[in-house]
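The values are calculated or read from the model by the stated rules, or taken from the named source; none is laboratory data. Small disclaimer: the values here were computed from a predicted structure and weren't measured. Cβ: placed from backbone, ideal geometry, glycine included. Neighbour counts: every protein chain shown. What goes into the accessible areas is simple: the full protein's heavy atoms, side chains included, and nothing from ligands, DNA or RNA. Shrake-Rupley method; radii C 1.70, N 1.55, O 1.52, S 1.80 Å.
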Amino acid sequence: MPSTPTVTVTYLFDPLCGWCYAAAPVLARLQATPGVQVVLAPTGLFAGAGARPMDAQFAAYAWSNDQRIAQLTGQPFSQAYREQVLGQPAGRFDSGPATLALTAVAQTEPARELEALHALQHARYVDGRDTAAPTVLADVLSALGLHAAAALVRQPTDALRAAMLQRVAAARAEMQALGAQGVPQLAVGDAATGRRRVLGSQALHGNFDTLLQQVAQA
């Protein structure tokens with residue numbers, strides 16, 4: 001591909017989606033590919049009305065699903081995650097705080113948003129830190145040197161909250177327009193001409209060269 005970004009790939013995701021976490025290595029490679037620009041579009045799937053208490057029944061369901069993802073993709077889900085996140089008394093399964101944190105990164109150092117997402121995923125699924133907690137989110141961003149974003153997470157502004165809602169609304173509108181179901185998904189093509197199409201989650205969990213060919217044909 002050419003050395004300058006010519007293909008924009010929109011990544012439709014939720015920061016608490018296990019399959020999105022499984023796609024992290026492929027997304028990192030895709031972002032590092034000359035000629036490809038990855039734009040993050042959080043869908044808010046598990047935020048707002050999609051959030052829920054982390055009770056024992058849901059925790060068991062999540063762990064079972066995560067083990068399946070691990071077997072199919074090789075991405076690790078640690079015992080610390082099982083005990084300290086899924087097993088947290090009175091915990092919440094809520095991607096709103098993490099989506100707000102990523103929006104803070106998008107507003108301060110947008111080129112590092114995917115890096116921040118991957119750090120938050122690692123903090124949750126490997127280190128066993130609850131990324132529904134603003135203090136954890138701020139600490140992870142600070143460790144990356146994203147201090148301006150961390151400060152916004154500690155003291156969110158109305159403007160930041162509004163920006164997050166706008167991003168989520170735009171991502172959902174994109175999914176509806178393309179007929180996309182669930183996450184993760186990639187949207188590729190020219191938005192100006194309306195020639196957009198979806199590359200489903202299979203593309204993110206399959207052969208990377210095949211994925212590049214599909215992106216290049218957009």
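Find out how many positive minus negative residues lie around Ala119, taking Lys and Arg as positive, Asp and Glu as negative, among other residues whose Cβ is under 11 Å from that of Ala119.
-1
How much length, in nm to one decimal, is gained on full extension between Ala90 and Asn65, taken as 0.36 nm per residue of separation minus their Cα-Cα distance?
Net length gain for the segment: 6.9 nm.
Considering only DSSP beta bridges with both partners in the chain, what is the antiparallel share in %, to the nearest 5?
60
I'd like the per residue volume of the convex hull spanned by the Cα atoms of the chain, given in cubic angstrom.
It comes to 119 Å³ per residue, whole-number rounded.
Taking each pair of distinct Cα atoms in the stretch 63-160 once, what is the resulting Kirkwood hydrodynamic radius in Å?
Computed over Cα pairs of the stretch 63-160, the Kirkwood hydrodynamic radius comes out at 13.8 Å.
Leaving out ligands, DNA and RNA, and with a 1.4 Å probe, what % of the accessible surface on the chain is carbon or sulfur?
Carbon with sulfur: 53 percent of the solvent-accessible area.
Could you go through the stretch 102-115 in sequence order and give the Karplus-derived ³J(HN,Hα) for each residue, using 6.51 cos²θ - 1.76 cosθ + 1.60 with θ = phi - 60°, rounded to whole Hz, and x for Gly and Pro?
Working through the residues one at a time gives 5, 5, 4, 5, 4, 7, 10, 9, x, 5, 10, 5, 5, 4 Hz.
When only C-alpha pairs under 8 Å and at least 6 residues apart count, what is the relative contact order of the chain, in percent?
26
Starting from the Cα of Ala151, step 7 Å along the direction of its Cβ; do the same at Ala218; then give the gap between the two resulting points in nm.
If labels sit at Ala151 and Ala218, their model points lie 3.4 nm apart.
Around Ala106, under 14 Å between beta carbons, what's the net of Lys plus Arg minus Asp minus Glu among the other residues?
Overall, the nearby charge balance is 0.
On a full-extension model of 0.36 nm per residue, what is the gain between Glu115 and Leu144, subtracting their alpha-carbon distance, rounded to one decimal in nm?
So the extension gain works out to 9.5 nm.
In deg cm²/dmol, rounded to 500, what helix-only [θ] at 222 nm does the chain give when every DSSP H run of at least 4 residues adds -39500 (n - 2.57) and the total is split over its residues?
When only DSSP H runs of four or more count, the value is -15000 deg cm²/dmol.
Expected output is a single nm value to one decimal: the length gained when fully extending between Ala162 and Gln79, i.e. 0.36 nm times separation in residues minus the C-alpha distance. What is it?
Gain on extension, Ala162 to Gln79, equals 26.3 nm.
Using modelled backbone amide H atoms (1.01 Å from N, in-plane), which distant-in-sequence or interchain residues come within less than 5 Å of Phe46's amide H?
So Phe46 has HN proximity to Ser95.
Using the scaling law 2.2 N^0.38 Å as the reference, what is the normalised Cα Rg of the stretch 15-67?
1.47
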